[in-house]
1. So what are the ³J(HN,Hα) numbers for the range 20-30, from phi and the Karplus equation (6.51, -1.76, 1.60; θ = phi - 60°), rounded to whole Hz, Gly and Pro as x?
2. Work out, step by step, the length gained on full extension between GLN104 and ASP20: first 0.36 nm times the residue separation, then minus their alpha carbon distance; give nm to one decimal.
3. Of LEU57, LEU6, how do they rank once you tally other Cβ atoms within 10 Å and put the fewest first?
4. Can you list the residues, at least 5 places off or on another chain, whose amide H is less than 5 Å from the amide H of LEU141, using H built in the peptide plane?
5. Can you tell me how much longer the chain between PHE88 and ASP139 gets when fully stretched, taken as 0.36 nm per residue apart minus their C-alpha distance, in nm with one decimal?
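Laboratory data are not the source of any read-out in this text; all were calculated from the coordinates shown. Please read all numbers here as calculations on a predicted model, not as lab measurements. Quick reminder, even Gly has a Cβ in these numbers, built from the backbone with ideal geometry, and neighbours come from all protein chains shown.
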Amino acid sequence: MIRKILAALDDSPRAPQVLDRAVMLAKAFDAPIRLFHAVAVAQDFPAAAHASYPDLLPRHLHDLATERLASLVASHGAATHGITCGVFVAESHNAADAILAEAQTFDASIIVIGSHRYGGVDRLLGTTTTRVVHRSTRDVLVVHGPFDRL
């Protein structure tokens with residue numbers, strides 16, 4: 001039984017598809033959705049670019065992510081289907097850890113997340129999705145797209 005859905009979204013073109021799958025599950029199981037996005041200043045981001053105002057860049061990224069998620073919810077009409085859809089953005093240097101922690105906090109029954117095509121480094125280190133799938137104690141639905149099969 002699916003009671004709560006955590007939809008882990010990023011900035012990729014896959015985000016609308018992930019939300020569509022989460023909405024589909026929410027309608028089928030009458031379950032609330034929490035949209036989640038982890039933001040971080042890249043470790044290789046030049047320190048001089050944000051040294052004068054160290055709190056402004058993370059706050060700006062947080063605000064942008066919150067606005068984007070709210071816009072995504074509005075454009076996909078989750079509310080028109082009577083689905084409770086909350087938005088949560090957290091700052092983290094490890095997106096997989098943040099997703100798993102949020103799933104625990106929200107007590108999600110399932111995590112819905114998009115797959116990504118592997119690049120060279122991803123094959124070596126693994127993607128966020130791979131880390132979530134292998135470390136989660138909850139069910140994980142991985143949303144694939146046409147470019148995953150290229």
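1. 4, 5, 5, 5, 4, 5, 4, 5, 5, 10, 6
2. 28.0 nm
3. LEU57, LEU6
4. Under 5 Å from the amide H of LEU141 lie the amide H atoms of ILE111, VAL112, ILE113, each far enough along the sequence or on another chain.
5. On the way: separation 51, 0.36 × 51 = 18.36 nm, distance 2.00 nm.
Roughly 16.4 nm would be gained on extension.
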